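Scroll down for the structure; my scribbles are underneath it.
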Amino acid sequence: MRVVDIIAKKRDGLALTPEEIRWFTSRYTAGEIPDYQAAAWLMAVWFRGMTREETAELTLAMAHSGDIMDLSDSLDYAVDKHSSGGVGDKTSLIVLPLVVACGVPVAKMSGRGLGFTGGTLDKLESIAGYNVNLTEEQFRQQVREHHIVLCGQTGELAPADGKLYALRDVTATVSSIPLIAGSIMSKKIAAGANGIVLDVKTGSGAFMSTLEDARTLAQTMVDIGVDAGKDMVALISDMNQPLGCAVGNALEVKEAIEALNGGGPEDLREHCLVVAAYMLRLAGRGKKWVDMDETRALLASKLDNGEALAVFRRLVEVQGGDVSMVDNPNKLPAATIVETLTAEKSGYAAEVRADKVAQAALILGAGREQKGDPVDLAVGVLVHLNVGDKVQSGQALFTIHGNDAEQVAEARAVLQQAITIQPEPAEPLPLFYEVIQGN
Ligand code: URA
């Protein structure tokens, strides 16, 4: 086989054979294909797309490029979740303890993430001492003993994806549905999940800005999972406005603790109940947790009676974190400058743009533009309204938490563009648009 022929075939819109995809992926991972050829191939895929078979083959080739976790000695059924990433998305911090509080162990590996705020690992590191780096043995032992793990990748999972993703990032080829689907699913398959709930976001603050693209991405990932023998559910959820109020690492941990304590913003609570209910449904395998209303009520009781919070506290404790920060979230890192931005007129909120809130959080230092950049855990934005809310002139719209006056001023200017207030009532946005079920 010759790389140039594989590039030309894709350039001309032809489907590659499984052998060609496997050969290309393994040679590239081994460093035997130079970046310039892989970049040309990625751009050809970006323009020409991939068939279902090609996408599945690429996913499996990337999944099998490194370790494949087998968790069957530690878990009867490994249920996992993945969010395609959103503004104010702290759901893993709430959903995992919730599911575990219902008797289903969960061991999850998360990432740091690029962009507006850190990923789950950065959020967890707002808790002093929390160790996100576990060995595979520690990971297995912790799930057996404590039934919950939330850490970074152990071992070498899907190294082909790591290499290809870095190249996509610098060649404008991230935004390709088969490449995104393959990238996400290769890591999930390598991490040993039996059942996966995908939370695919759509809207101004999401990778997929239109519902149609989000649906195609969700269906592509469900198909890949089903072809690989996994139980799959994909939820398509709104990301036109931020989820919950808090955007920024420690602020989000604080809000997650409120939600785990039965409080917090209603949209966040409801979102987490739905994601957790689908995780239980997969774990119940048709024998338990089939009725969604009953499952939702059970999960809500775990938030209201403190059981979910107790599981979160246990997670923090076993991973070396300072539990006094869970007991008293005011001890979490806090910013030195706190300012509010108020409404200049009365009316109804027609837009609370997630992308603008994200941009403001990034300006404040809550996220990273480049891999390895430091993150300021204390800073971020609190969003005090949702689309559809009535607004009174002078009411607080946002609270800005920053550590640098210039950044705060810049973030304020961006936040001013995040809100549209109109005289006539505006429809609230749905939390979810669709559910796509596999198996
Ligand atoms: N997240 C991933 O893991 N991969 C992508 O390609 C996009 C988002």
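Read-outs: derived from the displayed coordinates by stated rules, not from any lab. Just so we're clear, the structure is a prediction, and the values are computed from it rather than from any experiment. Using ideal geometry, Cβ is built from the backbone for each residue, glycine included, and neighbour counts are taken over all protein chains shown.
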**Report entry** Degrees, to the nearest 10: 18-29 long Cα axis against longest axis of the chain
**Finding:** 70 degrees
Report summary line: In whole Hz, the Karplus estimates of ³J(HN,Hα) for region 34-46 (6.51, -1.76, 1.60; θ = phi - 60°; x where Gly or Pro) are x, 4, 5, 6, 5, 5, 5, 5, 4, 5, 5, 5, 4
**Report entry** Share, in percent, of DSSP beta bridges within the chain that are antiparallel, nearest 5
**Finding:** 55 percent
Query raised in the report: Which percent of Cα pairs goes in each bin when the distances of the chain are cut into 20 angstrom slices starting at zero?
Result: 26, 57, 17, 0
Report task. For Tyr433, enumerate residues with amide H under 5 Å from its amide H, sequence gap 5+ or separate chain, H modeled in the peptide plane. Result -> Ile236, Ser237, Asp238
**Report entry** ³J(HN,Hα), Karplus 6.51/-1.76/1.60, whole Hz, each residue of region 122-135, x for Gly, Pro
**Finding:** 5, 4, 4, 6, 5, 8, 3, x, 4, 9, 8, 9, 10, 7
Requested in this report: Mind pulling the angle between the C-alpha long axis of helix 52-63 and the longest principal axis of the chain? Nearest 10 degrees, somewhere in 0 to 90.
Outcome: 80 degrees
Query raised in the report: Considering only Cα-Cα distances, which of the following residue pairs are longer than 23 Å: Lys90/Lys163; Lys302/Lys356; Lys81/Lys201; Lys90/Lys201?
Result: Lys90/Lys163; Lys302/Lys356
Report summary line: Note to self: C-alpha centroids of region 108-168 and region 354-424 sit apart, in Å, by 27 Å
Query raised in the report: To the nearest 10 degrees, how steeply does helix 159-169 sit against the main Cα axis of the chain, on a 0 to 90 scale?
Result: 70 degrees
Requested in this report: Would you mind ranking Ser324, Ser84 so that the residue whose beta carbon has the fewest other beta carbons within 10 Å leads the list?
Outcome: Ser324, Ser84
Query raised in the report: What do the square roots of 5 times the Cα gyration tensor eigenvalues come to for region 334-422, in whole Å, largest first, as semi-axes of the equivalent ellipsoid?
Result: 25, 13, 9
**Report entry** For peptides 371-378, 177-184, sequence by mean Cβ density within 10 Å, most packed first
**Finding:** 177-184, 371-378
Query raised in the report: Going by how many other beta carbons lie within 10 Å of each one, how would you line up Met208, Met239, fewest first?
Result: Met208, Met239
Report summary line: When Asp199, Asp223 are arranged by how many other beta-carbons sit within 10 Å of their Cβ, fewest first, they go Asp223, Asp199
Requested in this report: Please give the net charge around Leu332, taking every other residue with its beta carbon less than 15 angstrom from that of Leu332, where Lys and Arg add +1 and Asp and Glu add -1.
Outcome: -3
Query raised in the report: Excluding same-chain residues fewer than 8 positions from Lys390, which lysines have a Cα within less than 19 Å of its Cα?
Result: Lys345
Requested in this report: Amide H neighbours of Val149 under 5 Å, at least 5 residues apart or on other chains, H built in the peptide plane: list them.
Outcome: Val106, Ala107, Lys108
Query raised in the report: Of Ala277, Leu382, Val79, which is farthest along the charge dipole of the chain in the positive direction, counting Lys and Arg as +1 and Asp and Glu as -1 at C-beta?
Result: Val79
